[in-house]
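Everything below concerns the one structure shown next.
The values are calculated or read from the model by the stated rules, or taken from the named source; none is laboratory data. Everything quoted here is computed from the prediction, not taken from an experiment. Every residue, glycine as well, gets a Cβ built from its backbone with ideal geometry; the counts of neighbours run over all protein chains shown.
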Amino acid sequence: MSQHVVSATYFKHALSPVVLSVLLSPLFVGCADEPTGGGDNMTSDSTTDSETEADTAGTAAEPEPEPEPDPNVSPELIAEQVINILAQYCSDCHEAPNSNGGIDYITDLQQLVENGVVIPGKPDESRILNRLEAETMPPVGNPSPSEEEVSVIREWIAAGAVVPTPPEECDNPVYSYARLYDEIELDLVGVDNEDQPFIRYLSLHDLYNMGACESTLERGRIAASKLVNSLSTNFATHPPVQTGDGGVLLRIDIRDYNWDSQGDAVDKWEQSLTANPQVVRIDSDSAETVRALTGTDVPVQTLASFLFFSTQPPLYHEMVGIPENLDDLLNNSELDLNVDPDQAIADDILSAAGVVISGVSDQNRVVQRIPIAASRSFWLSFDFASNSGQQSILGNPLDFVADGSEVIFSLPNGLHAYMIVDSNGSRIDRAPTSIVRDPLQPTQEVINGISCMSCHAQGLLPAKDVVRGHVENFPFLFDGETIELVKQLYIPQDEFQLQIDADTAAYHQAIIGAGAELIPSSDPLVQTFLTYDRNLDITQITAELGVSAQNLTFVLSELDANLVSVLEGGRLRRDTFNEIFVDTLCTLNDPGAFVVEDDCL
């Protein structure tokens, strides 16, 4: 690991482009460890001071205590990820119609608890976890969950094995792609001619086909509202417009989010189409009319697929316009950013806090805040792999060695956007799992965009500064210049908390203005992401195809072998289904909704 020291002088200019490359080294603490210090959804692999001392003394290591639940990750979302893990590795043998060991309900968390397979609060007494940790299940030769994935199940059980409330189910008729385009054509009749080329749609028809009632569809609309405005560089928020008889269509105008083309650049909707493997051009009379009016081959995407790809790189960076390096973010006209750290210090408006312990992380961190126009703010954190030596912010409140950095900043409309950078200040997509992990991701990687949205679904988190008090209590450890600078930058705790509260209130106001809603138990945007990123059973497959299971059986001999196996029970990997999605629609040739020939090749 390269070592870069931040001197007292450099700390005053920590954000300035001249010294950013000095501040950052290849290691880093990821996006859920944001500049708030109140907890995160990451865990660090770094060795703590106490562990190092124990090893040096040659004493036996004590058993590790059960990890505390992360207060910033809702138990319901952890449960969603547990379902994903069990569906991926266990459903082939333990989900109806397969009933090995008397279990055919492996993804039904409620039944796991009721039948004693899982004992809430007692992971060591839970049979399913015992088998996974002993590596006796899945059987040898089968794909097995990683150590990190098993730890997610342990964390879920230790936290009480919360079971999400199952949504109400309705008996909905199949909502086909043909019907989708019929309703889009009808909706466009009421749109002014000059606006039609900018109209696009997000669809909830897959939810509808799975039996979603109005309450579930409304959660989808909330997710859509938060999503499109979190990808917007416009100064105003614009909720999508609900339309269509089934309540599954959401109309958006790409100009409302600055997604329309600028100069020779392709508009951002078209960019999103290249990232979504479930994009199809439907061949029907209605679809042909709609294409002509909107000027695009594909004017509609399912919300779930659009959300999944647009909240992670590379599409997230393209949609928001996150530049390739931090210098260009500080002064970015598209994002209405003109952050000048030197001037902020001169104006005495740059504030900082140092946190020793943050949630499940034992590592200290320093966070800085700079206010920007119209109740907006720019936050930068300095993160560390350990708490010792020059990585101790108590011993070195100014002259510390930082291992990395990430940013939360307010978009022009008040919602939040995120960036992670490497040692050169260059943008990166994901954090190394050797340093931090996101338990809501199958790979445990911290992904810029969605991981940050998950940790900060409710806004900024509280940060309790320890640096100012430490320097004031032990002034003999520091010179006068250091004490003076610490008092200027590390403002009193109550003042810093007021800044966090004000920034969070501004974010909440923007969310409400976007037509979304804050749901503490389980953020609809994050839940949509997790539900999409799940191995699919036949119900989910037919719902996304917009057909009945009977339609599949009509052309059984022509279907991909993976689909045939799912019809007999079991699940299909999400990435595999996405690969065969278009070909499957072509094979089905649903009357009135044929896929055009080019997409069938």
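Before moving on, here are some points about what is shown:
- When we screen ILE106, ILE85 for residues that are touching a strand residue (DSSP E or B) at 6+ places or on another chain (Cβ under 6 Å) and at pLDDT 80 or above, the only hit is ILE106.
- Count - residues of the range 248-272 that are in contact with a Leu (Cβ under 8 Å, 6 or more places away or on another chain) and either on the phi > 0 side of the Ramachandran plot or in a strand (DSSP E or B) (or both): 3
- Entirely in the range 430-492, the helices (runs of 4 or more DSSP H) that have 2 or more residues that are in contact with a Cys (Cβ under 9 Å, 6 or more places away or on another chain): 450-455
- Of the criteria (1) closer than 17 Å to THR302 by Cβ; (2) surrounded by fewer than 15 Cβ atoms within 10 Å (Cβ to Cβ); (3) not β-branched (Val, Ile, Thr), which one ALA236 fails: (1)
- Only residues that are assigned to a loop (DSSP other than H, G, I, E, B), β-branched (Val, Ile, Thr) and at pLDDT 85 or above were counted across the range 529-571, and they come to 1.
- Test: residue in the range 235-250 that is of a type in the set (Val, Ile, Thr), out of contact with any strand residue (DSSP E or B) (no Cβ under 9 Å at 6 or more places or on another chain) and within 23 Å of GLY321 (Cα to Cα): yes
- When the test is whether a residue is of a type in the set (Gly, Ala, Ser), touching a residue at least 24 places away in the same chain (Cβ under 8 Å) and on the phi > 0 side of the Ramachandran plot, GLY354 does not pass it.
- Condition check for ASP285: of a type in the set (D, E, K, R) and either surrounded by 18 or more Cβ atoms within 10 Å (Cβ to Cβ) or within 28 Å of SER426 (Cα to Cα) (or both): no
- Candidates ASN332, ASN387, filtered to the one that is more than 20 Å from the chain's Cα centre (by Cα) and surrounded by fewer than 20 Cβ atoms within 10 Å (Cβ to Cβ): ASN332
- Some residue of the range 554-577 being surrounded by fewer than 16 Cβ atoms within 10 Å (Cβ to Cβ), among the hydrophobic types (A, V, I, L, M, F, W, C) and closer than 30 Å to ASP465 by Cα: no
- Set TYR181, TYR208, TYR177, TYR201: member being buried (at least 20 other Cβ atoms within 10 Å of the Cβ), among the aromatic types (Phe, Trp, Tyr) and in contact with a Ser or Thr (Cβ under 6 Å, 6 or more places away or on another chain): TYR181
- Matching residues in the range 204-234 - criterion: being under 27 Å from GLY321 (Cα atoms), touching a Pro at 6+ places or on another chain (Cβ under 9 Å) and not in a helix (DSSP H, G or I): SER232, THR233, ASN234
- Listed by position, the helices (runs of 4 or more DSSP H) enclosed by the range 273-346 that each have at least 3 residues that are of a type in the set (D, E, K, R) and under 26 Å from ASP195 (Cα atoms) are 285-294.
- For LEU588, the requirement of being more than 23 Å from the chain's Cα centre (by Cα), buried (at least 19 other Cβ atoms within 10 Å of the Cβ) and at pLDDT below 85 is met.
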